Amino acid sequence: MASQWLKARQTKYAAYATTYILVVLAVVVVANYLANRYSKSWDATSNKRYSLSQESKKIVDGLKSPATITYFNVSTRFAEGKDLLDEYRALSSSKVQVKYVDPEKEPMLARAAGIRTIPAATVQIGDHTETATDITEEGITGAFIRDIKGNTRTVCFLTGSGEHAVDDTSRDGASRLKDLLAKDTYQTQSINLIQKAEAPSDCTAIVIAGPTGNYEQPEVDAIKTYVENGGRALIMLDPPLSMGPNGIADNDALTSLLASWGVTVDKDLVLDLNPIGQLYGFGGQVALVNSYGTQPIVADMKSTFTGFPLARSLTYKNADKTTIEKLFDTSATSFATTNLSSPKINVKDPSNKQGPLTLAVAGSYNTGKPSSEGRFVVIGSSAWASNAFLSFNGNKDLAANTVNWLCSDEDLISIRPKAPEDRRITMTTGQLAMVRIVSQFVLPLIVIVGGIMVWWKRR
């Protein structure tokens, strides 16, 4: 009787079903165990908005002491910050720990951390603790940087000769550049070398952002003394255009200083006929770049476009005490004209200099003292870092990386978090009406007619 039961069809089916169920349960249990132990996700968004940036990964990888992120929020809303904080912990579970605190249940912990509004987070590395009130990657990573670097680095912007001003919020201002540098915990201030021909000792780096007027010799001498004594300078010079009511000065004294360092700033205007520029809505006056050298500022920017309106070309060579490295060139479709007094450009002029053309270089000055080299970066355009153009593609990364290198913060050089893309579809009233008609009437009608035809055929 027992042997007949074991040979019965129902028994075999039951055994098969039980085996399948056990196998499936085993697979599910093992998969859940592995997923819990080895967290791994795949970000399919075009700009990787759900993945931590290269900058954050680089900072966590370089931690010399463990970091603790404490997230403050009511317990029912812990999930709001969990996905982001888990990304940090997944970078290195041995270096990053995450804690969750409900200020209503543990008010003393919140008070000790100085938390007055929620959500908020603190990042503690060793004895240093910084607060992030903005629970985003930029906010959390900024707290990491403040823990590591402190707030003692100051970038000084020169004023007095028509430069882009850091407090100017107009299209030509540099307030967005100021905000960008603040994310890497750089302080900014404006200085005037006319009033006192000496760079302040607390300036970690100085920025010359597109002067339209000439620098006087005492100002240039102050820049020379600053860099050749181990200072750092970002020098952005526009073409000396003489068209229109507001021309741009030649700045011969400053360009002569650069020539003594091995950088010749050519008196020309670069135009770019690259068809990709038309896709961005640019004319030929914007030089597009995606060919970079190996210098640390641009080493990670492969296949990233940057744009430079109203640019001039550079030539360079090493000098007695300077070593020069190219940062990037324009495309082969670019050329440079020396006609700087008329908007009418002859593309076929045989005197035009054909691309690729060098737009930026980085240099090191040997001061003769150990660990105190001077550094400078020269770029033949300034509008690329203005409020109107800084947000274009890789311009922000280039600006931040340049200041990082000048300030010897090479560990911060990277590709920053990308802003969420706006992919909304803008339609006219007629297009909206067409979408409504098709979705509410045409498609349902097609389904109904198809059903009737199938019914009629079978009938």
Computed FRET value (nearest 0.05) for Trp456 with Asp127, which takes r as the C-beta separation and R₀ as 56 Å: 0.10
Excluding residues fewer than 8 places away in the same chain, name every one of the aspartates and glutamates whose C-alpha is closer than 14 Å to that of Lys369. Glu228
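If you take every DSSP beta bridge whose two residues both sit in the chain, what share of them, in percent to the nearest 5, is antiparallel?
Working: 40 of 63 bridges.
Bridges in the chain are about 65 percent antiparallel.
Taking the Cα centre of region 151-412 as the origin, how large is its charge dipole in debye, to the nearest 20, when only Lys and Arg (+1) and Asp and Glu (-1) carry charge on their Cβ atoms?
Its charge dipole is roughly 420 debye.
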Give the lysines whose C-alpha is closer than 24 Å to that of Lys348, dropping any in the same chain fewer than 8 places away, or say none. Lys267
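Let me know the charge dipole size of region 321-459 about its Cα centre in debye, to the nearest 20, where only the beta-carbon of Lys, Arg (+1) and Asp, Glu (-1) is charged.
Around 960 debye, computed over region 321-459.
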Using semi-axes √(5λ) of the Cα gyration tensor in Å as the read-out, say which of [x] 61, 30, 20; [y] 35, 25, 21; [z] 54, 34, 22 was calculated from these coordinates. [z]
Could you tell me which residue out of Thr159, Leu241, Thr185 lies farthest along the dipole of region 134-284 toward its positive end? Charges go on the beta carbon: Lys and Arg +1, Asp and Glu -1, centred on the Cα centre. Thr185
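Please work out how much length the chain gains when fully extended from Ala26 to Ile194, using 0.36 nm per residue of separation minus the C-alpha to C-alpha distance, in nm with one decimal. Display every interim value, and only then the final one.
Values: separation 168, 0.36 × 168 = 60.48 nm, distance 7.73 nm.
Extra length available between Ala26 and Ile194 comes to 52.8 nm.
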Result for the chain, cysteines with no Cys Cβ partner under 4.7 Å, is Cys407
Only bridges with both residues in region 151-412 count here: give the DSSP antiparallel percent, nearest 5. 65 percent
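Tell me, what is the percent relative contact order of the chain, built from C-alpha pairs under 8 Å that lie six or more residues apart? Could the numbers behind the result be given before it?
On the way: 834 pairs, mean separation 62.3, N = 459.
Contact order relative to length: 14 percent.
Using helices alone, what [θ] at 222 nm do you get for the chain, with -39,500 (n - 2.57) per DSSP H run of 4 or more residues, divided over all residues and rounded to the nearest 500?
On the way: 13 runs with 147 residues, N = 459.
For the chain, the value works out to -10000 deg cm²/dmol.
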Give me the angle, in degrees from 0 to 90, between the Cα long axis of helix 443-458 and the longest principal axis of the Cα atoms of the chain, rounded to the nearest 10. 30 degrees
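Taking R0 as 51 Å, what FRET efficiency do you get between Leu109 and Asn366 from their Cβ-Cβ distance, rounded to the nearest 0.05?
So, using R0 = 51 Å, E works out to roughly 0.45.
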Please compare each pair in Lys344/Lys396; Lys64/Lys178; Lys105/Lys183; Lys58/Lys183; Lys326/Lys353 to a cut-off of 22 Å on the Cα-Cα distance and tell me which ones are over it. Lys344/Lys396; Lys64/Lys178; Lys105/Lys183
Prolate/oblate/rounded label for region 155-275 (Cα gyration tensor, a/c 1.5): oblate
Rounded if a/c is under 1.5, else prolate if a/b is larger than b/c, else oblate: which is region 151-412, with a ≥ b ≥ c the root eigenvalues of its Cα gyration tensor? rounded
Under 16 Å from a point 7 Å along the Cα-to-Cβ line of Thr323: which residues of region 336-378 have their amide N that close? 362-377
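By the scheme Lys and Arg +1, Asp and Glu -1, what is the net charge of all other residues having a beta-carbon under 9 Å from that of Ser408? Please report the intermediate quantities before stating the final value.
Working: positive: Arg232, Arg375; negative: Asp409, Glu410.
The answer is 0.
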Dipole of the chain [Lys/Arg +1, Asp/Glu -1 at C-beta], most positive-end residue of Tyr71, Ala199, Val270: Tyr71
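About its Cα centre, how strong a charge dipole does the chain have in debye, to the nearest 20, once Lys and Arg get +1 and Asp and Glu get -1 at the Cβ? Kindly include the intermediate steps, with their values, before the conclusion.
Working: 48 positive and 46 negative charges, 618 e Å.
Dipole size: approximately 2960 debye.
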Choose one of Leu357, Val347, Tyr316: the residue whose Cα lies farthest towards the positive end of the charge dipole of region 151-412 (beta-carbon charges +1 Lys, Arg; -1 Asp, Glu; about the Cα centre). Val347
Looking at region 54-148 only, what percent of DSSP beta bridges run antiparallel? Nearest 5 please. 65 percent
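Quick note: the coordinates plus some simple rules give every number you see, no bench work behind them. These numbers come from a predicted model, not from an experiment. Neighbour counts are summed over all protein chains in view; Cβ atoms, including those assigned to glycine, are modelled from backbone coordinates with ideal geometry.
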